[in-house]
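Asker: Before I ask anything, here is the structure I am working with.
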Amino acid sequence: MRRHTLILTAFIFAVGLATTAAAQTPDPDKPLYGLIGSLTAKPGQRAAVIAAIAGGSDAMPGCYSYVIAADTTNPDLIWITEVWDSKTSHDNSLKLPPVQAAIVKARPLIAGFGAQTVTTPVAGGGPRWSKKP
């Protein structure tokens with residue numbers, strides 16, 4: 001159940017993250033923590049799941065990027081890609097009251113969870129890479 005909670009939590013904060021990420025200044029020498037995962041909504045419930053999980057707080061300390069994406073071939077599949085300053089920051093987000101409330105709201109609409117992959121982001125857009133070496 002922990003894996004499912006982690007994936008669902010990752011989805012919760014899509015709204016307002018651009019503002020949060022822009023306000024944070026990452027340490028360019030510290031490795032980042034990334035997650036890529038998917039979940040499947042119950043048939044016809046993808047929009048409702050996205051709304052439920054995107055309805056959390058826009059304040060997620062340590063989160064630089066959080067993207068919710070609708071799969072182009074499966075009408076019930078949702079993908080999430082996120083970048084954090086650390087695994088600790090990600091894990092701490094699970095304790096936030098808005099995250100807990102969003103999990104309760106979204107859980108009945110979810111049919112299942114796909115694979116979750118932990119990554120170490122090394123290049124891309126956003127504040128970490130805004131300055132060229």
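Asker: Any idea how many residues of segment 61-113 are among the basic types (Lys, Arg) and closer than 27 Å to PRO43 by Cβ?
Answerer: Residues flagged as among the basic types (Lys, Arg) and closer than 27 Å to PRO43 by Cβ within segment 61-113 amount to 2.
Asker: I've got another one for you. Can you pull out the residues in segment 27-49 that are surrounded by 15 or more Cβ atoms within 10 Å (Cβ to Cβ) and either among the polar types (S, T, N, Q) or more than 15 Å from PHE113 (Cβ to Cβ) (or both)?
Answerer: Passing the criteria: LEU32, TYR33, GLY34, SER38, THR40, GLN45, ALA48.
Asker: Scanning for something surrounded by fewer than 14 Cβ atoms within 10 Å (Cβ to Cβ), at pLDDT below 85 and not in a helix (DSSP H, G or I), does segment 13-23 turn up at least one residue?
Answerer: no
Asker: Would you confirm, using the coordinates I've provided, whether THR9 is modelled with pLDDT under 80, touching a helix residue (DSSP H, G or I) at 6+ places or on another chain (Cβ under 8 Å) and under 27 Å from ALA123 (Cβ atoms)?
Answerer: Taking the combined requirement at face value, the residue satisfies it.
Asker: Taking the residues in segment 70-97 that are among the aliphatic types (A, V, I, L, M) and modelled with pLDDT of 95 or more as candidates, determine which candidate is surrounded by the most Cβ atoms within 10 Å (Cβ to Cβ).
Answerer: Here the residue is ILE78.
The values are calculated or read from the model by the stated rules, or taken from the named source; none is laboratory data. A quick note: this is a predicted structure, and the numbers were derived from the prediction, not measured. Cβ coordinates were reconstructed from backbone atoms using ideal geometry, including for glycine residues, and neighbour counts include every protein chain displayed.
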